[in-house]
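The values are calculated or read from the model by the stated rules, or taken from the named source; none is laboratory data. Keep in mind the model is a prediction, meaning the values are calculated, not measured. FYI the Cβ positions are ideal-geometry reconstructions off the backbone, even for glycines, and counts take in every protein chain you see. Please note that ligands, DNA and RNA were not included when accessible areas were found on the heavy atoms of the full protein model with its side chains. Shrake-Rupley method; radii C 1.70, N 1.55, O 1.52, S 1.80 Å.
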Amino acid sequence: MSTLTPEERAKKLSEGLDYVKDLPGFERGHPHYFKDPMIDHLLEIVLQLGAEMWIIRDRQMVTEHLLTTEGKVTPEMIEAFKPSPEFREKMKAERGTYTRRLYQSLYDGIGPGGEAAFVSGVLKVR
Amino acid sequence: MGHIETKSLLTRGFNGNTPELLNRADEAYCDFVSGARNLLMYAQFQNIGKLGEAELDQAAKATGHRPNSPDAIKALVMKVPEVATYFRVKRTLQESYWRRIAESYGLKQREFEQALAEADQMGPGSVTYDPNFVYPAYATIDIHVQPGGYTGQRLGALTYDYGTKIFFGGAGDADSLHHSMAEKTSAPKDGVVKRVMEIGCSIGQMACGLKKRFPNAEVWGTDIGAPMVRYAHWRTIQQGLDVLYAQMPAEDLDFPDNHFDIVTAHLLFHEIPVPVIKRILAEAKRVLRPGGVFVLWDFFSAKNRSGATNFMGLMDASDNGEPFAPGFVNCDVEALMEQAGFKLRSHDPQELGRTGRVGDKPI
């Protein structure tokens, strides 16, 4: 165990690191990307609306699925619902179509691009 | 061995090893964000990088000067509407999922805190931490713009767990990414593995993978963040694995010399300043036994990356809570490992991608 007090240890761990507070990104900030910040706000609102609309669509799909398979539906059944792999894939495909349909115009100038999953720098060469 | 009752806490159960969010609406929201990231960010990464680079090249030709500060780069590249859109979408989606996850688990904040407190006293494995620990400034940032980062919120690690599921866009579900890294982590050349440690272990995904890979070894997970090691222990108990967690800065470990056979770090170094990286390498060498091995999994160095990737990396640093990543990718960490006294098994980028950077402590 360290024999230093917590404050002394923090001071030791911080030696030579005063510069880090000046690095871009050290403070989270509230960046905007368009000359008119209102465009940033509108894009944020549009994305939030898309998410909230998807919640309703998701609930509708689950409700229809439960009515079809169980003959009834309750809020508790919706909360407890665990989709099968097939149903999960169906929802994922539906979500992809929905997202593309809503937002395809954002990148009109450069093409839509296919769906791509995360590939880290670690995995890229592999 | 203890048993943690989770049914009343996690009414919707687990998704792999990650607690489900507390209601269907929150899960659907995060599903949308995850899919939107894949479609609107990852799929456009190369396109946006090229557009931004073209703008920077044009400015360099016109002025003879290529900007390299994030502010100057932003002033130029954000004139391109698709580039501005990409970074707006990225920042919004990033902030959205952190907020929604924290709100969801926050519905049972007190119950989660109680569960962590109970797990503190249970096995298998154990956790130690110092409630009075004072964090150095570099460990207090909002990494990936997660509010409170890895150290500032009591349930921050729980939020981080679900957040990484979204971040990896489904590529790391059920800890598959971390476990595959553990499977590939090199052992000492003599094959003797009695003690293994992951430094900067966060929520213990890799440490659990290492325990599965080396079931007879004593496996440690250490992290500077108390919220991380406490949650890692809770999460590991759910899996019935015996891993020892401790809050420790990786540059100041409470272990004797020559103690471990393997020390590994997974996606840690790009989150810390270069001077700390140097201290960690010295400390890793100290606690490894002669013939022990240090394995580093992290981003590629700038020398192995394209210019477009560098531009995107700079933007990620300034606007996605990654202030130390540029320092890491430009520091030639292989050289730093050699300066610390490790003998690298390979310098070939292809090999480094497959095995991580592997350094043996000379006998």
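Miscellaneous remarks
- In a simple Cβ point-charge model (Lys, Arg +1; Asp, Glu -1; nothing else charged), chain B has a dipole of about 540 debye relative to its Cα centre.
- Between residue A:7 and residue B:120, the FRET efficiency estimated from the beta carbon spacing at R0 = 22 angstrom works out to 0.35.
- Fully extending the segment from residue B:110 to residue B:339, taken as 0.36 nm per residue of separation minus the present Cα-Cα distance, adds 77.7 nm.
- Neighbouring Cβ atoms from other chains, within 10 Å of the Cβ of residues in A:31-41, number 5 on average.
- Nonlocal amide H pairs with residue B:245, under 5 Å, H built at 1.01 Å: B:126, B:127, B:128, B:221
- Within-12-Å neighbourhood charge of residue B:16 [Cβ basis; K, R +1; D, E -1]: -2
- Accessible area buried at the A-B interface, both sides summed, 1.4 Å probe (Å², nearest 100): 6400 Å²
- Summed residue charge, Cβ within 15 Å of residue A:47's Cβ, Lys/Arg positive, Asp/Glu negative: +4
- Model label points for residue A:101 and residue A:80, set 7 angstrom from Cα along the Cα-to-Cβ axis, are 3.2 nm apart.
- Phi angles of the stretch B:128-134 translate, via the Karplus equation with coefficients 6.51, -1.76, 1.60 and θ = phi - 60°, into HN-Hα couplings of 10, 7, 10, x, 9, 4, 9 Hz per residue; Gly and Pro are given as x.
- Accessible surface of chain B, 1.4 Å probe: 51 percent of it comes from carbon and sulfur atoms.
- Estimated FRET transfer efficiency (residue B:274, residue A:72; beta-carbon r; R0 60 Å; 0.05): 0.45
- Set B:79/B:184; A:11/B:212; A:11/B:108; B:165/B:278; A:21/B:165; B:50/B:361 screened for pairs whose C-alpha atoms are more than 32 Å apart: B:79/B:184; A:11/B:212; A:11/B:108; B:50/B:361
- Most mobile of A:110, A:56, A:78 in a GNM of chain A (Cα contacts under 10 Å): A:110
- Once the 1.4 Å probe is applied to the protein heavy atoms, the stretch B:1-149 comes out at 41 Å² accessible per residue.
- Across peptide B:43-54, the mean count of Cβ atoms from other chains lying within 10 Å of each residue's own Cβ comes to 3.
- Most mobile of B:290, B:188, B:131 in a GNM of chain B (Cα contacts under 10 Å): B:131
- A helix-only calculation puts the protein assembly as shown at -15500 deg cm²/dmol for mean residue ellipticity at 222 nm, using -39500 (n - 2.57) for each DSSP H run of at least four residues, averaged over all residues.
- With a 10 Å cut-off around each Cβ of B:133-140, the average count of Cβ atoms from other chains is 6.
- Modelled label positions at residue A:30 and residue B:23, each set 7 Å beyond Cα in the direction of Cβ, lie 2.7 nm from each other.
- Residues considered: B:71, B:298, B:316. Largest GNM mean-square fluctuation over chain B, using C-alpha springs under 10 Å, is found at B:71.
- Whole-Å semi-axes of the stretch B:156-360's equivalent ellipsoid (Cα gyration tensor): 24, 22, 16
- Rounded accessible area per residue of chain A, 1.4 Å, Å²: 64 Å²
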